[in-house]
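FYI, it's all coordinate maths here, none of it is from the lab. The structure displayed is predicted, hence computed values, not measured ones. Reconstructed Cβ throughout: ideal geometry from the backbone, glycine too, with neighbour counts over all protein chains shown.
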Amino acid sequence: MAEFDWIARYFAPLATRAGAAGLCDDVAEFSGRASIATVDALVEGVHFLPDDPMETVARKLVRVNVSDLIAKGARPDEVLLTLGWPSGREEAELAAFAAAFGEELAAWGIALIGGDTVASPHGVFLSLTMTGVGVTERAPIRRSGAQGGEVIWLTGDIGASFFGLRDRLARTRSEASTIYQVPLIPPLEMAELIGEHATASMDVSDGLLADLHKLLVASGCGAKLDLDHVRIYGAGKAELPLSDVLEACTGGDDYQCLFTAPASKTPALEASEQALIQIGQTQDRAGLKLYWHEEPVALPEKLGFEHVQS
């Protein structure tokens with residue numbers, strides 16, 4: 001099927017806003033509401049496995065961008081999609097992708113307004129540019145606002161995607177393998193809490209340790225992280241060995257929100273209905289220090305996923 005036929009059959013029906021012009025033009029008009037933007041790409045063999053169903057890839061593509069905006073105190077608004085499609089992929093897979101993509105956009109209240117489709121010689125690649133609207137005047141909440149003496153907060157479980165990828169590679173079906181394919185991300189209500197209370201914030205995509213380190217560097221401060229306070233997926237009330245906790249905290253693809261807030265904000269955050277966990281404290285002196293039951297732990301050699309290998 002030709003590129004223009006793909007667009008007309010599968011994606012034009014999703015583009016209902018006037019600014020999209022039915023996907024019949026070279027440009028799109030933004031709604032004028034958005035003031036924040038993010039972009040994330042997924043590459044076959046890097047961010048998803050070649051045999052992952054395309055409907056799960058579509059949902060993951062949307063959610064990894066939504067999590068960026070929630071962590072900035074914003075709600076998603078509009079998207080531009082770039083799709084690289086190899087000739088060896090069946091049209092039925094493209095149809096499944098488009099259907100799931102449309103459902104996921106609708107679930108988050110997002111409109112498709114444009115993009116590009118191209119042939120790919122080596123596998124599927126996807127890029128989504130997403131605009132967002134700040135839910136408070138403070139948005140976006142940058143990585144760079146943390147100061148010493150603040151509380152470090154985390155939403156949800158860490159490690160589900162790490163354990164899920166391990167199960168997928170072993171051809172084992174599990175809840176974790178499903179979460180690896182379609183990540184669980186915080187609800188939109190989390191954006192308001194972050195917008196009101198956070199001093200620095202980001203989503204956890206490359207591993208908790210790696211992303212906390214990025215936040216600290218951007219803010220020019222350090223932190224004490226209590227690994228035994230981090231809620232690890234599947235652990236329940238049982239305590240995992242430290243080695244498993246470190247693996248989960250460096251695995252990546254969690255898409256939870258990591259943020260800092262003054263201690264004075266603790267009562268309001270604890271009173272919220274969101275699943276928030278205190279995992280440490282920022283410090284004036286630079287550097288990330290790990291503790292396990294109040295005993296210091298050496299930083300692992302790699303803190304998380306690295307996009308460019310040396």
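Just for segment 143-297, what percent of DSSP beta bridges are antiparallel, to the closest 5? List each step's numbers first, then the result.
On the way: 20 of 26 bridges.
Counting only bridges with both partners in segment 143-297, antiparallel ones make up about 75 percent.
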Compactness index (Cα Rg / 2.2 N^0.38 Å), segment 179-234: 1.28
Run through the DSSP bridge list for the chain and note the antiparallel percent, rounded to the nearest 5. 70
Highest-fluctuation residue, Ala268, Ala71, Ala248 considered, GNM on the chain with Cα pairs under 10 Å: Ala268
Qualifying GluC sites (Glu not before Pro) for segment 118-219 [loop in DSSP, other Cβ within 10 Å: at most 12]: Glu137
What is the ratio of the Cα radius of gyration of segment 109-190 to 2.2 N^0.38 Å, with N the residue count, to two decimals? 1.55
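When the helices in the chain are scored as -39500 (n - 2.57) per DSSP H run of 4 or longer and the sum is shared across all residues, what 222 nm value do you end up with, to the nearest 500 deg cm²/dmol?
Computed ellipticity for the chain at 222 nm equals -9000 deg cm²/dmol.
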If I take every Cα pair under 8 Å that is 6 or more residues apart in segment 3-134, average their sequence separation and divide by the length, what percent do I get for the relative contact order? 40
By count of other Cβ within 10 Å, fewest leading, how are Trp108, Trp153 ordered? Trp108, Trp153
Where does segment 3-134 land on the Kirkwood hydrodynamic radius, alpha-carbon pairs, in angstrom? 14.8
Residue with peak Gaussian network fluctuation, the chain [Cα springs, cutoff 10 Å], from Leu258, Leu288, Leu112: Leu288
Averaged over every viewing direction, what's the projected area of the C-alpha convex hull for the chain? Give it in nm², one decimal, please. 16.8
A correct fewest-to-most ranking of Asp253, Asp203 by other Cβ atoms within 10 Å would be Asp253, Asp203
Which lysines have a Cα lying under 20 Å from the Cα of Lys224, excluding residues fewer than 8 positions away in the same chain? Lys214, Lys265, Lys289, Lys302
Listing Cys221, Cys249 by rising number of other beta-carbon atoms within 10 angstrom, fewest first, gives Cys221, Cys249
A correct Kirkwood calculation over the Cα atoms of segment 143-297 returns a hydrodynamic radius in Å of 15.7
